[in-house]
1. Provide the percentage of antiparallel DSSP beta bridges, counting only those with both residues in the chain; round to the nearest 5.
2. Name the helices (complete DSSP H segments) of the chain with a Cα length along the long axis of 20 Å or more and a Kyte-Doolittle mean of at least -0.5, or state none.
3. Please give the charge dipole size of the chain, origin at the Cα centre, charges +1 on K and R Cβ atoms and -1 on D and E Cβ atoms. Round to the nearest 20 debye.
4. Using mean Cβ contacts within 10 Å as the protection proxy, how do 149-161, 22-34, 67-79 order, highest first?
5. Taking the square root of 5 times each eigenvalue of the Cα gyration tensor, what semi-axes in Å does the equivalent ellipsoid of the stretch 5-290 have, largest first?
6. What does the helix-only formula give at 222 nm for the chain: each DSSP H stretch with n ≥ 4 adding -39500 (n - 2.57), the total divided by the residues, and the result rounded to the nearest 500 deg cm²/dmol?
7. Quick one: compute the contact order of the stretch 32-185, relative version, from alpha carbon pairs under 8 angstrom and 6+ residues apart, as a percent.
8. Only Cα pairs under 8 Å and at least 6 apart count here; give the relative contact order of the chain as a rounded whole percent.
Amino acid sequence: MTARIALVTGANQGIGLALVEGLAARLGPDDLVLLTGRNEQRVADAAALVAKAPDTRSRVEGRTLDVTDARAVATLAAGLKESHGGVDIVVSNAAARITPDRAQSEQADEFIDVANGGTHAMLRSFGPILGPGGRLTVVASSLGTLGHLNPRLHPLFDGASLEEVEEVVESWRTAIHAGTAEELGWPRWLNVPSKVAQVAAVRAVAAQRGERDAEEGTLVAAVCPGLVDTPASRPWFGDFSQARTPARAAEAIVDLVLSDRVDPATYGELVRFGKVLAWHSGTPPEYQNQLLTK
C-alpha cells in the first residue's frame, strides 16, 4: 500500500493536537502525519511529543504554517505535491481565540483571517493536490448551519461559489468595523457567521468537484466535534457536563477521515458524530447576543 500523507492545521494544542495523535495512532509506519501551526517552537515541541507517544505508529513531523498567509499555504501544498505527489488527508482546523470580555469588533480581523481566510486558502491550495480517495475536511461547528442566521442573510450563502463566499465575508467584516453589522442582520457573536461561511465554502468546493470525487471515493466535508472542553470554549458556556475532551472529540473526525468508504450523504455537508446536520436547519438563538452581555 502506498504511504499516506495527512496534514492538520492549528495542531500544536487542543483538538488539533488530538487529531494528530489520533491519526498517528491509526495510520501505518510508512505513513506521515504533518502537524502544523504558526509558532515554530510550539510546533516542534508538539510534534516531538506525539512522535514519542507509545500509541504512535506513523511518522510525525512538524511544519510551521500561518494559514492567514495564502502564499505560504500554496507554497507548502506545492512542496508536498513535488515531494510526495500530493496529500491524502487534510484537516483544516486552525482557529483564533475570541473572548466575551472584549468588543467583538476588536477581535474580528484576526478571527476572520484565521477561521475564514485560512479555510479559503486551504481549500484552494490543498483541494487540487488531494489524491483520489482522499479526505479534505474543515473543522466547523453545529452553529455553521444556515438557519442560525437571520433569514434575510440566507441568499448570500445559499448556493454561493467560493469567490462569492469570500466576498460576503469581506462585506460582513466591513460592516462590523462600520458599526452597521447588526442593522444588516448579522449577529454580534463572530462565531456564528464565521462558521456558516466555513460550511458554505466547503459546500462551494464540493459542488465544483462532486462528480469526480464520487467516482474516486473522495470526501470533501465540514466536521463538527461538538462542545469541546478547552480554554477557548470555557469563557462562553456555563455547562460543560456534556462536553468532550479534545481526545474524545477527535475520535469521530478521525473515524470519518479514515473510513474505507464515503457515505454519499456526507459529501459536501456538515457532519457531527457521523451524522449530517442539514444545511437549512437551526434557528437564530437569542443566547448568541446574550453571551456577550452576561
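Any read-out appearing in this document is the output of simple, stated calculations on the displayed coordinates, not a laboratory observation. Worth saying up front: this structure is predicted, and the values here are computed from it rather than measured. Every residue, glycine as well, gets a Cβ built from its backbone with ideal geometry; the counts of neighbours run over all protein chains shown.
1. Roughly 10 percent of the beta bridges in the chain run antiparallel, per DSSP.
2. Correct list, ordered by number: 70-84, 162-178, 191-216.
3. Charge dipole, the chain, about its Cα centre: 520 debye, nearest 20.
4. 22-34, 67-79, 149-161
5. Largest first, the stretch 5-290 gives 29, 21, 18 Å.
6. -13000 deg cm²/dmol
7. 20
8. For the chain, the relative contact order is 19 percent.
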